[in-house]
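The values are calculated or read from the model by the stated rules, or taken from the named source; none is laboratory data. These numbers come from a predicted model, not from an experiment. Quick reminder, even Gly has a Cβ in these numbers, built from the backbone with ideal geometry, and neighbours come from all protein chains shown. The protein model used for the area step is the full one, side chains on, heavy atoms only, and it has no ligands, DNA or RNA in it. Shrake-Rupley method; radii C 1.70, N 1.55, O 1.52, S 1.80 Å.
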Amino acid sequence: MSVLVYTESENGKFKKNAFEVASYAHAVAKQMGTSATAISINAEDSAQLGTYGVSKVLNVSDEALQTFNAKAFAHAITEAAEKEGAKVIVLSSSADTKFLAPLLAGKLGAGYVPNVVAAPTAMSPLTVKRTAFSNKGFAHTEITSDVKIIGVSNNAYGAKEEATSAAIEDFSPSLNDTDFSTKSVEIDKVVGKATIADADIVVSGGRGLKGPENWGMIEELADVLGAATACSKPVSDLGWRPHGEHVGQTGKPVASNLYIAIGISGAIQHLAGVSSSKVKVVINTDPEAPFFKAADYGIVGDAFEVVPQLIEKLKAFKAQNA
């Protein structure tokens, strides 16, 4: 009776959260006195999951699954869980898995708890710590169903190396046409840049930048830091930036190690969506901006003066430490 973990990949490469959930599954398996098995869909190097404690990988190679499809992926993971007799299934808390997990729970009759931030505190009943009230508090939740699904918050547990020799087993789920009744019409992807979901650092801009023509300094700062770029909802609504960069409760959630908000006042929906970030830095001309109350560090000043100086200092620092 192993613990099953779904490890996300894109274009054949594992996403950062794949190693985090693999580490989490290994920790749960140790508590249960069993092993962790991963299901990998169209990833090129499944063996590397062994670095994070996975003992076996069910390797799926199927052209029909090159694009994420929640129903089809749920079918594949269900078959894997039934094959392995898994009673605990570990997922990330990405946008895709939050779509996938309820379908998977329905198929398996499982209890599902998302946004988990730590290893289980008890095994009988299985009890996990999760964020609640838009990340303003924590809840200790018991999962009493026979099959249990845990969604791990990004950057909450961390990827922890514990080298294991992972056995690779080819696995072909029995998919049918009904699994593909929902199809993706268009997918808007960020190319050649860090993505919001995987980035350790996110640089975000708001209406304080006054127009899309001023976004160059946001992109330059992000480039210096190796960060992803993001924006507030008003900015994407105005068409200054793509909707795919909109972060917050009504956009993409952010759980980066560092979140830099430039010219963003901090509406409650925005704060709720970025509150899982470990360190928040705010640059704003208004000392009464709500974001300052949530920030770890704040600079009251004009972004058009502060950001260029920050870029210059960071470049100098990187040159000295090259």
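Brief remarks on what is shown
- Using a Förster distance of 22 Å, the FRET efficiency for GLN309-GLN269 (Cβ separation, nearest 0.05): 0.10
- Positive minus negative residues near ALA29 (Lys, Arg vs Asp, Glu; Cβ under 14 Å): +3
- When both bridge partners sit in the chain, DSSP labels roughly 20% of those beta bridges antiparallel.
- Remark: the THR285-SER172 segment gains 35.0 nm on full extension, using 0.36 nm per residue and subtracting the alpha carbon distance.
- Paired Rg and Dmax values of the range 73-119, which use every Cα atom, in angstrom: 10.4, 28
- Global form of the range 214-265, assessed from the alpha-carbon gyration tensor, a/c cut-off 1.5: oblate
- Loop-resident trypsin sites (Lys or Arg not before Pro) (DSSP state other than H, G, I, E or B) in the range 226-322 with no more than 14 further Cβ atoms inside 10 Å of their Cβ: LYS278.
- Within the accessible area of the chain (1.4 Å probe), percent carbon and sulfur: 51
- The overall shape of the range 24-85, judged from the alpha-carbon gyration tensor, is oblate: a/c is not under 1.5, and a/b is no greater than b/c.
- Net +/- balance of residues flanking SER174 in space, Cβ distance below 15 Å, scoring K and R +1, D and E -1: -3
- Per-residue [θ]222 nm for the chain (sum of -39500 (n - 2.57) over DSSP H runs n ≥ 4, rounded to 500): -8500 deg cm²/dmol
- Counting only Cβ charges, +1 for Lys and Arg and -1 for Asp and Glu, the dipole size of the chain around its Cα centre is about 860 debye.
- The slack in the chain from SER134 to ALA47, taken as 0.36 nm per residue of separation less the alpha-carbon distance, amounts to 27.7 nm.
- Straight Cα distances below 21 angstrom link LYS56 to the lysines LYS13, LYS15, LYS16, LYS30, LYS83, LYS87, LYS148, LYS160, with same-chain residues fewer than 8 positions distant left out.
- Cβ-Cβ distance of THR67 and HIS243, R₀ of 22 Å, FRET efficiency by 1/(1 + (r/R0)^6): the value works out to about 0.65.
- Residue-normalised accessible area of the chain, expressed per residue, 1.4 Å probe, Å²: 47
- Toward the positive end of the charge dipole of the chain, with +1 on the Cβ of Lys and Arg and -1 on the Cβ of Asp and Glu, the farthest Cα among GLY109, GLY208, VAL279 is that of VAL279.
- Pairs of lysine residues in the range 174-322 that meet both criteria, 8 or more places apart or on different chains and Cα atoms under 16 Å apart, total 5.
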